[in-house]
Amino acid sequence: MSRRQQLLSILSTECHVHASYIYLPSLHDSVTTKKILIPFISSVIIFSAADFFTVHQESTQCVNPIQQATIHNNNLCLTQSLFALGGAYALAGWASLLLVHLHLLSVWRSTFITNHIIGFHIIIWTVSILATVIPIATDSVSSGNTCFIAAKKGAFYYIPMSFIYIAFILHVITFGYITNTVLKAGESDKRRSTLKARGTLSSENMKTGSNLRKIFRLQWRALGGALLMLLIYVTDWVFFTFKNNVPNFGDPWFEEWLQCLTTGTQTSCSSISAPQFPPFSLIVWLLLTNRCVGIFIFLLLAVKKSIFYEWTELLSNKIRERRETTPI
């Protein structure tokens, strides 16, 4: 796929999501959609835009066939780091805010976040801008597969993103609280039903099961989003903190590896150098989770039968209105 084709696919997908949340009445009338979901999806676009530059990686990772790119000698590398850094922090911020909002709304019936959304906008976007500018200003960005935080500085810059774990725990508590409330209500109904006919008891069991299924249908997308964000940030944190150590080419293994290049086989030489680098499977998993986050979010938030039915109804009504107003 060419860079132009990839750009068109990204834009078309994101435009579909944005248009759905802006124009469809069921989504447009939601306060959460207006104040949290649209900025959240915008942060997904910013983060996903960094992968646009990985179609031809040599353009962002190399200056020439022998010189590695940096943010100082390659403008594409600098641009990619702007999208990757800013998008990562914005995505973590808005995902966490969404999960905390769902917790406050479901458990405490509080609209604190939506009532103070301007302040949260200022906080999240300010942190995202600082998280983008500071690494670039302190020369903490390096080119590898992506122009992102250098391996030596990775642990420090991932500390502020730890609030995603707190938000995930809050969402699990919310899910457990709602489930527990339904179960307690079901037990109360069972006690009352023992004074009545036995058939009533079975109907109360069916009612409790129906309520639990309804909770799962309402919460599974949010829970899936929470699990997705947790998976991505845990993977990134493990990779940059523990597995992406810069090898020391002054160690004995390097001399042994150089000698092996002249006398040994490719398999024997790779067995010497492989322990000094992250496992290939972890690198593939890291790239898969980060590059596909936009697709996963699209599947969670936009692929719903109701949205497609609502789009069909909206367009049909528009066509019908145009035909009725057009003179014959």
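The values are calculated or read from the model by the stated rules, or taken from the named source; none is laboratory data. The structure displayed is predicted, hence computed values, not measured ones. Cβ coordinates were reconstructed from backbone atoms using ideal geometry, including for glycine residues, and neighbour counts include every protein chain displayed.
Remarks
- When residues of the stretch 62-76 are limited to those that are hydrophobic (A, V, I, L, M, F, W, C) and in contact with a strand residue (DSSP E or B) (Cβ under 7 Å, 6 or more places away or on another chain), the one surrounded by the fewest Cβ atoms within 10 Å (Cβ to Cβ): CYS62
- Answer residue from the stretch 278-296, given it is at pLDDT 80 or above and of a type in the set (Phe, Trp, Tyr) and is surrounded by the most Cβ atoms within 10 Å (Cβ to Cβ) among those: TRP285
- Test result for LEU78, of a type outside the set (S, T, N, Q) and within 17 Å of the chain's Cα centre (by Cα): no
- Condition check for ILE166: assigned to a helix (DSSP H, G or I), more than 30 Å from ASP51 (Cβ to Cβ), modelled with pLDDT of 70 or more and β-branched (Val, Ile, Thr): no
- Residue check: LEU27 meets all listed conditions (1) more than 16 Å from CYS147 (Cα to Cα); (2) at pLDDT 80 or above; (3) crowded, with 19+ Cβ neighbours inside 10 Å; (4) not charged (D, E, K, R) but one, namely (2).
- Helices (runs of 4 or more DSSP H) wholly inside the stretch 100-160 that include at least 2 residues being over 19 Å from the mean Cα position of the chain (by Cα) and surrounded by 14 or more Cβ atoms within 10 Å (Cβ to Cβ): 112-115, 117-137
- Any hit, the stretch 227-245, residues being modelled with pLDDT of 60 or more and not in a helix (DSSP H, G or I): yes
- Filter pass, PHE52 being touching a residue at least 24 places away in the same chain (Cβ under 8 Å), surrounded by fewer than 21 Cβ atoms within 10 Å (Cβ to Cβ), within 19 Å of the chain's Cα centre (by Cα) and in a helix (DSSP H, G or I): yes
- Pick from the stretch 77-96, criterion aliphatic (A, V, I, L, M) and free of Cβ contacts under 8 Å to residues at least 60 places away in the same chain, ranking: surrounded by the fewest Cβ atoms within 10 Å (Cβ to Cβ): LEU82
- Some residue of the stretch 263-270 being outside any helix (DSSP H, G or I) and surrounded by 13 or more Cβ atoms within 10 Å (Cβ to Cβ): yes
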